[in-house]
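What follows is a single structure, written as C-alpha cells, with notes after it.
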Amino acid sequence: MKKQLISLSVFAAISGCASTLSSDSNGASNNAEFDSANAIKSVQSTKAQSENATHEITLEKIMSDPEWFGRAPESWYWGDDSSTIFYKQKREGNILRDLFTKSVDEKGNGSKVKLVHMHKHADRFAVTNNDNTREVYVFKGNVFVKTLSTGDVHQLTYTSATESQPMFLNNGNVAYRVANVFYEQNLENNQIKELANLLMSGNDKATTTTDSYLANEQAKLIQYIQLQNKNAQLKKEQDRNLRVKNNTVTQTNFYFGQGKKVVHASLSPAGDKMIVSIASSKAITKKTDVMPDYISKTGDIDIKRVRHRVADNRQYSEEIYLVDITDGTKQLLAFDSLPGYNDDVLASVKAENYQREGKTYKSKKSPRNIHVMQAYKPIKWNEAGNNVAVLFEAWDNKDRWLATVDFANKQLVSQHKLHDDAWINWSFNEFGWLNNNAKNDLYYLSEESGYSHLYVKSLNGKAKKLTSGAFEVSNLTLANNEESVFFKANKKHPGIYEIYQLNFADGKMKALTDLGGQNDYQLSPDNEKLLISHSKVTMPPELYVEVVDDKPEAIRLTHTVSQEFLDMPWSAPKVVPIESTHQKSPIYSKVYLPENYDKNATKNKAVMFTHGAGYLQNSHLGWSGYFREYMFHSMLVQKGYVVIDMDYRASAGYGRDWRTAIYRHMGKPEVEDMRDGVNWLVENANVDRNRIGTYGGSYGGFLTLMAMFTQPDLFQSGSALRLVSDWAYYNHGYTSNILNTPADDPIAFERSSPIYFAEGLQKPLLINAPMVDDNVFFEDTVRLVQRLIELEKQDFETAIYPVEPHGFVQPSSWLNEYRRIFKLFEETL
C-alpha cells in the first residue's frame, strides 16, 4: 500500500524548493510544498490524513507509549561495503534495542543481527588505517580489527578491563587506552608495549621543588638535601637515557601530582607524543547537593547526589601538557601565548553591578581560567602526527581559541580566536586537518560573521571564508580525497535542512538533497552515497539513500510508521514569519488552524506553546522532539482551538544575534516576541484576545511564568511544567553562558528570574513539577510555591509527579499532566 508523505506549506518568499523523492514498491513519498504567498491572511488549514480517516484524537492515545505510532530507526550507520546499512530499533513492548541490517537494494526493513555476530558489526565509530584496508574499534570493552577487503574480524584484547580510544599508528600497529595507560600492540607478533602511564599518585623522585615553603627553604639552606636532590636528578637522567637508547626498557610513568585527574589525553598517530589536560580532582559538588527520591525500591527515602548550582561560582581551569614519549619528558604549555588570555572581559558587567552597590570597579588584566573545550574531539592530530590542533575556551565563555603546538619551542600558537561579548556557542565547534595539502591547512566553523560558516586556514596564513549567507553550516564530513567537504545547512529556509557539498578548489557549493523537512546524513565509506534520516512535520523519521551526483533523488529504505498513525487526522501547521516589533528579522512560528477559523462569528480561542531549552528550534519543517505536543495541538485544533508555537529570540537556527538577544536578561525579549505572536493571532486568525492561554516546559515553563508575572494582560491562563523559577539554582554550564555568575552579575540573575516577579500573578496558573528532576530541581517549584503563598496568591495549583525526571517517562504521568492542562484551558478560555 502506498503511504503518503504529507506536505507542509511555509509562509516565505522562497522558490525552487520542489523536492524529488523516489520510492520503492513498498512505499511512496510526495513533494514538499512551500506557499510563497505574501499575504498572511491567506492561511488555509491543511490536514494530514489518509482517505476516509474519521478517527478522533484523544489524550489517552497520544499520551500512551509512543511505540504505537512506530519505532523509528536509531543510531544508523553504513556498513563497510557502502551497500549495507545498520540501525537500531526499539523492541516492541520493552525498552531494549535490537540491531538491524539491510541492503540498500532489498525490500522491507531488513533483518535483525544475531547476538553471535554483534561484534562484527559494532564498528559505527571505527577508525581506519591510512590506506583504508583495516579498521579498529571497541566492542564491549575489547579491541577488534577488521580487514575491509574480506570482512574478517580479529579480536585483539579479551580482558575484564575496558579498552577505549583505539587507533592505528603510522607504523601499522594499533594503540588503545586502559584507564590512564596507553598501549601499542603489534599486529604481526601481538607484542604489547606500554607507551605512557599517566599517574596522579606517587611522585617524581627527581622533583626538587614543592609547594611547601619549608621544603623549598630546606633545599636552599641544607647542603645534604641539595646533594640528595642532585643524586636523584642524576639517577633520573640516567634512567631516561637508558630508555631512549635501549628500547627493551619500559619506563613510561608520567607524574602529574596528587589531587589531579586526566580530563583529555590524545596520542599522536606517530606514537611519540601526547597532549594531556589535567584538572583538580576535588569534587565540585557540596554535601548539600542532593535530591530525595521518595519512591525507591527499598521503601526508604533514597538520597541522590546531583549537580552543583551556578551560584556556587565554580572556578574551573586545566593545565595542558606536551608529553614526549620518546624521551620521557613532559612540558607545561602556558596560555600566555593566546591573544586576550588575560583580558578583563567582564569589566563593564562588573562596573554596572558595583555601581548599583555604590562602589567603583577598577579593571585590571589577570590570567583567565582556560580549558580544553567540551566539544567532540577537541584535540586533533594531523595524519603524519607532527602537528596537533586543540580547541580551548575561557571559563567566562567569552573566547574560543583554535591553537596548534610549536613542538620546538614547546608553546601554544593561536591559529584563530573567536570572541563573543555574550557567549561562545556550544554548537558549531567542528574543525580538522587537510592532510593532502603540504601546508597542513586547518578547516573549522566559526560564528564570527553572525552565522556558522566554514573557513580554511594555513598555519602561517590568513583564514579564508568558504561559505556565507544568512544560514548555518554544521555536521562537517571531509571527503576521502580531501578535495571537498559535505555538510548540513538551512540555506533554503531557516526550517529546512538539506545536505550540501563544497569543493575546496573553486569554493562552489551544491545541494545534494532536495527533500525539504529535516535531514541528517552519513556519507558512505566510498563517498558515493548518502544515508539520510528524513522527516516532515507530520511524518516521523525514516531512512533514505541517495547517490552523490547532480540529480537529487532519494530512495526510501525503511517503513516503520504505523498505519494507525497514518490514519489519524493530524493537523499540519503552517510556518509563518511573524513580523517583529523589536527587530528586522521575523519570528518563525508554527500556526495550527481549525477548519473555517476565519468564518466563525464567535472569535476563536487559542493556545501558545513555548518550547524548552531556549537554544532549540521547533518551528522547522521536520518531525519534532515535541511529538506529544504536536499531537496535543492537533487535538486542540479538532476542538476549535488555534495553536501557535514560536521560535522566540534565543532559539536555534537563526544566527548569532538571535541566539544572544537574551544575554543578561532572559525572559524579556522572548515575552516581547510572545506578545507579537498574540497580536498576530488577533489580527490574522480571528482570535479573541481575551481567550488565549499559554503553556510550556523547562525553559518554556520559565517563559510561562515570566509572561504571567510580568505581562499579566497577555494570557488568560498558563501552565508551567518542570519550571525554572530562579536561575541561580540552575547548572553552571548553561546559565553562566547567558547570565554570567551571581558573584559577578547579580543584576542579570535578579531581572531574569521569575521568583522576583511573582507578585505580578493575576490569572490562573497551573504548576506541574516532577520530583526526581536532576536537571531543573523540584526545589525551584517548592521555593516559588512558598513565595506565592506568602504573597497570598490564590489562583494557582500545583501537581507533583513523584517518580518522574525532567523528561517524563511513564504514560500515566503524561496523561495526568495533559488532562490538567487541557482542563485549565477548557475552564479559562
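One table, with the values for the structure above:
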read-out	value
Relative compactness, region 602-731, computed as alpha-carbon Rg over 2.2 N^0.38 Å	1.01
Region 139-176-region 404-434 distance, computed between alpha-carbon centres (Å)	31
Whole-number percent relative contact order across region 723-829, with pairs defined as alpha carbons under 8 Å at least 6 apart	28
Sparse-neighbour loop sites [chymotrypsin sites (Phe, Trp or Tyr not before Pro); region 571-680; at most 12 other C-beta within 10 Å; DSSP]	none
Contact order relative to length of region 500-612, as percent, for alpha carbon pairs under 8 angstrom and 6 or more apart	14
Whole-percent carbon and sulfur share, accessible surface of the chain, 1.4 Å	48
Cα gyration tensor category, rounded, prolate or oblate, for region 470-534 with a/c compared to 1.5	oblate
In sequence order, calculated HN-Hα J values of region 516-525 (Karplus, 6.51, -1.76, 1.60; Hz; x Gly/Pro)	x, x, 9, 9, 10, 8, 9, 7, 5, x
Per residue solvent-accessible surface (Å²) - region 461-505, probe of 1.4 Å	38
222 nm mean residue ellipticity, helices alone, for the chain (DSSP H n ≥ 4; -39,500 (n - 2.57); rounded to 500)	-5000 deg cm²/dmol
Sequence of I222, I325 from largest to smallest accessible area, 1.4 Å probe	I222, I325
Three-way shape label, region 697-789, alpha-carbon gyration tensor, a/c 1.5	oblate
Percentage relative contact order, the chain, counting C-alpha pairs under 8 Å, at least six apart	12
In degrees, nearest ten, helix 223-245 long axis to first principal axis of the chain (Cα)	80
Ranked packing of 64-76, 453-465, most packed first, by mean Cβ within 10 Å	64-76, 453-465
Set of lysines near K365 by C-alpha distance (under 23 Å), chain-local residues within fewer than 8 positions excluded	K350, K398, K417
Spin-label pair T326/Q191, simplified geometry with 7 Å Cα→Cβ offset, distance in nm	1.9
Rounded tilt (10° steps) of 669-684 against the dominant C-alpha axis of the chain	30
Acute angle (nearest 10 degrees) that the helix 778-790 long axis makes with the longest principal axis of the chain, alpha-carbon atoms	50
Set of aspartates and glutamates near K260 by C-alpha distance (under 17 Å), chain-local residues within fewer than 8 positions excluded	D204, D211, E318, E319
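The values are calculated or read from the model by the stated rules, or taken from the named source; none is laboratory data. Because the structure is a prediction, the values reported are computed rather than measured. Here the Cβ is made from the backbone with ideal geometry for all residues, glycine too, and neighbour counts use every protein chain on show. Heads up: the accessible areas ignore ligands, DNA and RNA and are worked out on the full protein's heavy atoms, side chains in. Shrake-Rupley method; radii C 1.70, N 1.55, O 1.52, S 1.80 Å.
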